[in-house]
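The structure appears below as C-alpha cells.
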Amino acid sequence: MSTGNGNANGHHPSLKSQLWESSELYQNAVLELQEASEIMRLDPNIAERLKVPKRALIVSVPIRCDDGQIRVFEGYRVQHNMTLGPGKGGIRFHPEVNLSEVAGLAMLMTFKCSLVGLPLGGAKGGIRVQPNQLSREEAQALTRRYTSEISMLIGPDKDIPAPDVGTNAQNMAWLMDTYSQEVGYCIPGVVTGKPVEIGGSLGRAESTGNGVVYTIAHAVNHLRDTAKSKLRIDSSMTVAVQGFGKVGSIAALEIHKLGARVVAVSDYAGGVYNMDGLDIPQLIEYFEKNKTLVGYPGADAITNEDCLAMNVDVLIPAAIDGVITDKNVRNVKAKIIAEGANGPISASALKDLEERGTFIIPDVLCNAGGVVVSYFEWVQDLQNFFWTEKEVNAKLASVMESAFKRVVENQQKYKCGMKSAALITGVDRLQKAMSLRGLFP
Ligand code: NAD
C-alpha cells in the first residue's frame with residue numbers, strides 16, 4: 001500500500017497531491033478514513049482510491065459589481081466519488097473556501113450519502129466570497145455565472161448541487177433557472193433546496209435541523225439503555241447551539257419545541273445566553289428583523305468561544321468546521337455533541353472528547369437529514385409528483401432511525417468511537433459497490 005510518496009513498489013509518484021491536502025478539514029477527513037479503514041480492515045486498494053477525489057473543476061467567476069467594476073471570484077466544484085450514483089453536495093459561499101476544503105467536504109458527502117443508503121455520490125462546490133457583502137444583483141450574477149462555468153459537470157443525472165453555508169433557496173432558484181435557460185427547458189432536478197414553488201420539496205428547509213434533533217433523541221435513548229444516563233429531552237436538558245443559520249436555528253427551534261432549554265446560541269458576530277432558556281421563536285423573529293443575535297433583550301452577551309464552553313448537556317456546533325480543536329477542547333463540557341456542521345471537531349480534539357466519555361453524533365450521521373430530503377426532492381422532481389410534508393418527514397425520520405441504529409451496531413461490533421463507526425457504516429456499503437463495479441480499464 002502506498003505510504004503517500006509512491007505506490008507499493010515505489011516506482012510511480014502517488015496520485016495524492018499537495019493540492020488536496022492544504023486544509024485541515026481535508027486532512028481530518030483522511031485521518032478519519034484511515035482510522036476507520038484500519039478498524040474495519042478495509043481493502044487498501046479501496047482506501048487508496050477514497051483518499052482522493054475523482055475530479056475537480058476550478059473556475060473564475062467574473063461579475064460586474066454595483067460600482068461598475070468587474071471583479072473575479074474563484075469557484076470550485078469537486079466530485080469525490082460517484083460509484084453509487086450522481087454527485088450530490090452543497091455550494092458554499094464563504095471567504096475562506098478553497099479547493100482542499102471543498103474536496104474534504106465532497107469526501108464527507110460520499111460517506112454521508114452511502115451511510116444513509118442513497119443512490120448518490122459525494123460532491124461539493126464553493127465560491128471564495130463574503131456573501132453578506134454582495135447586493136442581491138451581485139449575488140444573482142455570481143450564482144448565474146458560476147452555474148454556467150460548472151454546467152459541464154452538473155445535471156440531474158450527473159451532479160446535483162444544494163445550499164450550504166452562505167447560500168439559500170434563492171441561489172438555488174437562480175441556479176435552476178440558469179441551467180434550464182442554457183438547455184432550453186425547465187429542469188428542476190438539477191438542484192435541490194429550491195423554493196417549493198419551482199419544484200422544491202416541502203420539509204427541505206427544516207430537514208437538516210430536524211435530522212439533528214432526531215439523532216439527539218436517538219442518542220438520549222441509546223445512552224439511557226446502555227449507560228444508565230438520566231438525560232431526557234425536557235426542561236431538565238440544557239442545550240447550546242453555535243451557528244444560527246439554516247441548520248442551527250432550526251435545530252434550536254425543534255429541540256426547544258420538544259421542551260429542552262436552549263440556554264446559549266451564537267453566530268459569527270457573537271451570541272446570547274440565558275440560564276432559564278431562550279425563547280427561540282422570539283429569538284428567530286429578532287434575528288430576522290435585526291440580522292444579528294447581538295442585543296437580544298433578556299439575555300446576556302457571550303462570544304462564540306463561550307458558547308462552545310457552556311456547561312450544558314448537549315452542544316450543537318452548527319456553524320463551520322474546525323471550531324473545537326486542541327486549543328479549546330478542555331473547556332468543552334457537554335455530555336453529547338451533535339455535529340450539525342461538517343467537521344467541527346479536529347481529529348485530536350475528538351480523541352480527547354471520546355476519552356472523556358463525551359457522546360459524539362458524527363456529522364455524516366447528524367446532519368444527513370439535509371441530503372436525505374434533497375434526495376426526496378430530486379426524486380419528486382424526476383417524477384413530477386410531489387409528496388405532503390407529513391410524508392416527507394415520516395420518511396426522513398425512518399431513514400435517520402435506521403442509520404443511527406446501523407452506526408451504533410458497528411460501534412458495538414468494532415468497539416470503536418461513534419465517528420469511526422459512522423464512517424465504517426458508510427464505507428462498508430461503498431466498498432461493496434466499488435468492488436462490484438471494478439476498476440476501469
Ligand atoms: P448558514 O450560512 O445558513 O449558517 C451558518 C451559520 O454559521 C451562521 O449563523 C453564521 O453566522 C455562522 N458562522 C459562520 N462563520 C462563523 C464563525 N467563524 N464562527 C461562528 N459562527 C459562524 O449555513 P448552514 O447551511 O446552516 O450550514 C452550517 C453547517 O452545517 C455547515 O458546516 C454546513 O456544511 C453544514 N450542513 C448544512 C446543511 C444544509 O442543509 N444547509 C446540510 C448538512 C450540513
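Just so it is clear, none of the values below were taken in a lab; they were calculated from the coordinates. A quick note: this is a predicted structure, and the numbers were derived from the prediction, not measured. Every residue, glycine as well, gets a Cβ built from its backbone with ideal geometry; the counts of neighbours run over all protein chains shown.
General remarks:
- The simple spin-label model puts a point 7 Å past each Cα toward its Cβ; for ALA433 and GLN170 those points are separated by 3.5 nm.
- For ILE302, the amide hydrogen comes within under 5 Å of the amide hydrogens of GLY271, VAL272, TYR273, counting only partners 5 or more places away or on other chains and with H modelled in the peptide plane.
- The reciprocal of the average 1/r between distinct C-alpha atoms defines the Kirkwood hydrodynamic radius, which for segment 128-233 equals 16.0 Å.
- Loop-located chymotrypsin sites (Phe, Trp or Tyr not before Pro) in segment 114-213, at most 13 other Cβ atoms within 10 Å (DSSP): TYR185
- Calculated diffusion of segment 283-363, Stokes-Einstein form, Kirkwood radius summed over Cα pairs, 25 °C and 0.890 mPa s, µm²/s: 181
- Ranked by how many other beta carbons lie within 10 Å on average, peptides 80-90, 317-327 from highest: 80-90, 317-327
- Exceedance of the 26 Å cut-off in Cα-Cα distance is limited, within the set LYS88/LYS390; LYS51/LYS432; LYS124/LYS390; LYS257/LYS289, to LYS124/LYS390.
- The ranking of ARG128, ARG77 by Cβ neighbour count inside 10 Å, starting from the fewest, reads ARG128, ARG77.
- Estimated vicinal HN-Hα couplings, Hz - segment 309-315 in sequence order (Karplus 6.51, -1.76, 1.60; Gly, Pro = x): 9, 4, 7, 10, 6, 10, 10
- Counting every C-alpha pair in segment 226-269, the share spaced more than 15 angstrom apart comes to 44%.
- Cβ crowding within 10 Å averaged over residues, with 408-419, 202-213, 58-69, 255-266 ranked highest first: 202-213, 255-266, 408-419, 58-69
- The alpha carbons of the chain occupy a box of 59, 56, 43 Å along the principal axes, longest dimension given first.
- Note: segment 385-441, Cα convex hull, 118 Å³ per residue.
- Cα centroids of segment 321-368 and segment 399-424: 16 Å apart.
- Gyration tensor verdict on segment 289-441 (Cα atoms; rounded if a/c is under 1.5, prolate if a/b is larger than b/c, oblate otherwise): oblate
- For THR167, distant residues with modelled amide H under 5 Å away: PHE93
- Percent of Cα-Cα distances greater than 23 Å, calculated over segment 17-148: 37
- In this calculation the C-beta distance from ASN311 to SER348 is compared with R0 = 22 Å, giving a FRET efficiency of 0.45.
- For the chain, the Cβ-based charge dipole about the Cα centre amounts to some 1060 debye (Lys, Arg positive; Asp, Glu negative; other atoms uncharged).
- In this structure the amide hydrogen of GLY85, modeled in the peptide plane, comes within under 5 Å of the amide hydrogens of GLY121, none closer than 5 places in sequence on its chain.
- The chain: calculated mean residue ellipticity at 222 nm from DSSP helix runs of at least 4, using -39500 (n - 2.57): -14500 deg cm²/dmol
- Nitroxide proxy distance, nm - points 7 Å out along Cα→Cβ at LYS291 and LYS333: 3.6
- Screening the chain for whole DSSP H helices with an alpha carbon extent of at least 18 angstrom along the helix axis and a mean Kyte-Doolittle hydropathy of at least 0.0 yields 99-115, 369-383, 418-437.
- When VAL191, VAL373 are sorted by how many other C-beta atoms sit within 10 angstrom of their C-beta, beginning with the fewest, the order is VAL373, VAL191.
- In Hz, Karplus ³J(HN,Hα) per residue of segment 59-64 (6.51, -1.76, 1.60; θ = phi - 60°; x = Gly, Pro): 10, 9, 10, x, 9, 8
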